[in-house]
1. Show the residues, 5+ positions off or on another chain, whose built amide H is closer than 5 Å to the amide H of B:Val137.
2. Over 21 Å between Cα atoms, which of A:Lys185/B:Lys124; B:Lys124/B:Lys354; A:Lys84/A:Lys349 qualify?
3. Taking chain A as a Gaussian network, where each spring joins two C-alpha atoms under 10 Å apart, which residue of A:Pro142, A:Pro395, A:Pro210 fluctuates the most?
4. Copy-to-copy spacing for B:Ser36, label 7 Å out on the Cα-to-C-beta vector, in nm, shortest first?
5. Please work out the FRET efficiency for the pair B:Lys4 and B:His93, using the Cβ-Cβ distance as r and a Förster radius of 25 Å; give the result to the nearest 0.05.
6. With angles folded into 0 to 90 degrees, how steeply does helix B:94-104 sit against the dominant principal axis of chain B? Use alpha carbons for both and round to 10.
7. If you count the DSSP beta bridges with both ends in the range B:1-152, what percent of them are antiparallel, to the nearest 5?
8. Taking beta carbons within 10 Å but only from partner chains, what does the mean come to for residues A:286-299?
There are 2 protein chains.
Amino acid sequence: MATKPKNAFYAQSGGVTAVINASAAGVIETARKHKSKIGKVLAGRNGIIGALNEDLIDTSRESPAAIRALMHTPGGAFGSCRYKLKGVEKGGHEYERLLEVFRAHDIGYFFYNGGNDSADTCLKVSRIAAETGYPLVAVHVPKTIDNDLPITDNCPGFGSVAKYVATSMREAGLDVESMAETSTKVFVLEVMGRHAGWITAATGLAQERPGQAPHVLLFPEIAFDEPAFLAKVDDCVKRFGHCSIGVSEGLQDKDGKFLSESGLRDAFGHAQLGGVAPLVANLVKRKLGYKYHWAVADYLQRSARHIASKTDLEQSYAVGKAAVELAVKGVSGVMPTIVRASSRPYRWKIGVAKLEDVANVEKKMPRDFITPDGFHITAKCRNYLLPLIGGEAFPPFENGLPRYVRLKNAAVRRKTKTAPAP
Amino acid sequence: MATKPKNAFYAQSGGVTAVINASAAGVIETARKHKSKIGKVLAGRNGIIGALNEDLIDTSRESPAAIRALMHTPGGAFGSCRYKLKGVEKGGHEYERLLEVFRAHDIGYFFYNGGNDSADTCLKVSRIAAETGYPLVAVHVPKTIDNDLPITDNCPGFGSVAKYVATSMREAGLDVESMAETSTKVFVLEVMGRHAGWITAATGLAQERPGQAPHVLLFPEIAFDEPAFLAKVDDCVKRFGHCSIGVSEGLQDKDGKFLSESGLRDAFGHAQLGGVAPLVANLVKRKLGYKYHWAVADYLQRSARHIASKTDLEQSYAVGKAAVELAVKGVSGVMPTIVRASSRPYRWKIGVAKLEDVANVEKKMPRDFITPDGFHITAKCRNYLLPLIGGEAFPPFENGLPRYVRLKNAAVRRKTKTAPAP
C-alpha cells in the first residue's frame, strides 16, 4: 500500500498585495497536480494565527474555477495577519504549538507567503521541525509591495503597485498641468515603502520628458533637506508652471526621525499619525505660497488589481508554483526567486535562495538608482523598474465593476485539545 | 461668393475630468464635418483666460489622430482655469474684452465646457453679444465630476469618477477584510464633492451584500452626528470584524461648518487645510481604539482615465458633438443634456436645456437616495448610479503605462492691440 500523501499548510502573511492570491493559486493548482505527493492544501484563516488557533480552511472544497479566479482578485483570500511567532526565548511555545497542529492534520509541507519577517519565521519553523524530528518541508513564497527582499531581482506584489503609482502620477500630473495657470501649482502624492524607496522610485516612471510629472521625488533613503527641496520646487514652478511630487511615507529628517511623526495635531491637540503628504504640501504653501493639492494612496495602491502588472501577476503565480515543485522534491528552507536574464527584451526565470540568506535582510535602493541631487531616479533605475510594470491583466468586469471572487473558506474540523493560542 | 464661415472658440473651465477631452474631440471632430458653417476651432489656452489674453490655440494644426487620441487622454488638453469673468457691475470690462478678441478672430461660435459657473458665464456672454449686436452662437458643454448640474440626468465626467471610487473602495475593502483580525479594522476613503454627495454615493456601489465595504458613508448633505457615527462603526466592527468608510471632503457639522476646516494643525501650529479622512480616522481611534488606515484620492479620482466609464466617455463625446450640431442650426444660449429613457436596460439620448434654467443651480442628492439613518445609499440611488459606470474603455498602453497624447497647441497670431487682461 502506498503511503498516504501528507497535507500542505499555506498561509498569507503581513500586508496583502493586488496579486498575492495569484501565488495562492500557484500553490493550490500545482499541489492539485501532485496528488501522489500532496494531499490537501489547508490554509490558515488569517495567516499563521489560523494555525495557532487550529482554524484551518479546506481549500479542496473550492472549485477549480474559484481557485483560478484568485488570479484576478486582490486582498488576501484566506485572510492575513501581522503576527510574529514567539519562540522559547520569549517565554512562548508557539513554534511547538504550530507543530502540534501540523501533526494533528498530517501536514508535511509548509508554504509561507510573505516578506522578510515571514521568511525568518519559515526558517525557524523548518529548523525547529528538524530539531524535534518532525518531517516538514518548509518553503517561503516571496511577496512584498516594498520590493525589499534580498537575492531575488524583484518581489512579487511590487510590480503592480509600481504600475498603479506610475499611472496615477502620470494622470494626476496632466490634471495639475491643466490647472496650474490660475489654480493648483503643486501636487503631492504620498506612497508606501517605509524604509525602502522602491515605490517612490516607481512614480518616477510616469515622466517621459523633463518638465513632466513627477518633478521631485522624496525617498526614505535620502534625508529630507528642506532648503534644497524648496529651492527645487520653486525652480520647477518657475520653469514649468507646476510641480508634482512623489513622497515616501517613510521620509526622514537628518536625525532619522519620520516626518509623518513630527506632529500633525487635530483641533483637540491629539497627535495625528501618518500623512507626510499634507505636511510637505503645507510646507510648500507656507514657504513658497503656491496653491497645492495632495493625495494619500494608502491601501488603494496595494489593492489596485484593476491596474495590476501582467509581469507581476505571472511572477506571483510562478513563485507559488515553484514552491510546490521544490517541496515535492524535498527541498526545504528555501524561497523561489526571480532571476533577471535580460532587461531588453525582458527575460526572467525562477531561481532558489536559502532562507538564511533572505531572512531579516532589507534591500534598499542603491545610491546610483537616485540622481546625485537626491530628487529623482536615474536611467539605471528606470531600466530596472520598467519591465516590472509590463503588460496589462485587467480583471473581468460586471455591471461596471471588477468581479472579484469570494471563496467558501470552509473550516476543517478541529483535532487538538489544547486551548487556542492567546 | 459664399460667406466665409465663422470660426469657433472652445474653452475648458474649472476642474478637469478624466473625459473632458472627449467633449473637446466631439466639438472639434464635428466642427470639421461642418466646414461650410464653421471655419477653425480656436481653443483658449488655459480656458477663458486664453481669450482675455488673446492666447488662442489653432486646433486645425492637430492631426485627426491627435484629436481622436483626446478620447483616451485625461486632464485638460488646452489647459483650464478657475476664473470668473468680471462684468461691468464689478468695475471690469472683461465681457467686452472677450467680444473684442472674438471680433478680431472672426469668432461666431462660443463653446464653453464646464459646470455651474461656466454655464452662467456662457449665458452672460450670449446676452452681452446680443445686446451689443455681435452675432454669436453660445452653447455650453456640460462637464463636472460633481454631477450637480440641474435638468441633465447626469453630468459628463461624473461616471468615470464614480467608477474609480467604487472600484477603489471594493479593492481596498478586500484588503482591510484580510488584515482586520490582527491589524487595520477601520479604513476611511475621502472623496471629492464639496456640496453634493454624488461621488460619496458612488463609493456605495462597491457593496454587493451587507457586511462588505463600504459599511458607512458620510455625505455633505447629512450633518455629521458623531455619536451616531461612532455607534455605527463600533457595531460594524463587532459584527463584521472591520468597517470601511467613504467620506465626502465636504462633510459638515450641524452648524454647517466643514469638518476639514475644524483645525488640523502641524507641529508649528499652522492650520492644515483639507483632509477630513485623517480627522475621521483619528476620531475612531481615540473614541473606539481601532487601528485605522486612511486614503485621500484627491486628483487621482478625477484624472483616472485608465478606469473611465465607457458610458461616461460616450456621453462626454456626445455633448460636444451635440453642441456643434445645435450651433450650426443657430441655437444659442443652451446646453445639451443627457436624458435617461430607461434604466434597465440603460438607454439615453441627448436633450437641450436653456442656460437660464441651468446657471448657478446646484443639484444635491435627493433625500430618498440616502438611507433613513443617513449612512448609506438606497436601492433607488443604486439604480440611478449603476448605468453611469457601465462599460470599460481602457486607454492604449505602452511600456506598461497609458499612452496619453500631448497636442502641439500652436498659438494663433495676436491681432488686437489692447494689453492683455490683468
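Any read-out appearing in this document is the output of simple, stated calculations on the displayed coordinates, not a laboratory observation. Not measured: the values here are computed from a predicted model. Here the Cβ is made from the backbone with ideal geometry for all residues, glycine too, and neighbour counts use every protein chain on show.
1. Amide H neighbours of B:Val137, under 5 Å, 5+ apart: B:Tyr109, B:Phe110.
2. Numbers: A:Lys185/B:Lys124 29 Å; B:Lys124/B:Lys354 13 Å; A:Lys84/A:Lys349 31 Å.
The answer is A:Lys185/B:Lys124; A:Lys84/A:Lys349.
3. A:Pro210
4. In ascending order, 8.1 nm.
5. Numbers: r = 29 Å, r/R0 = 1.14.
So, using R0 = 25 Å, E works out to roughly 0.30.
6. Rounded to the nearest ten degrees, it is 50.
7. Here the antiparallel bridges make up roughly 15 percent for the range B:1-152.
8. Working: counts 3, 0, 0, 0, 0, 1, 2, 4, 6, 8, 11, 7, 12, 15.
Per residue, the number of nearby Cβ atoms from other chains is 5 on average.
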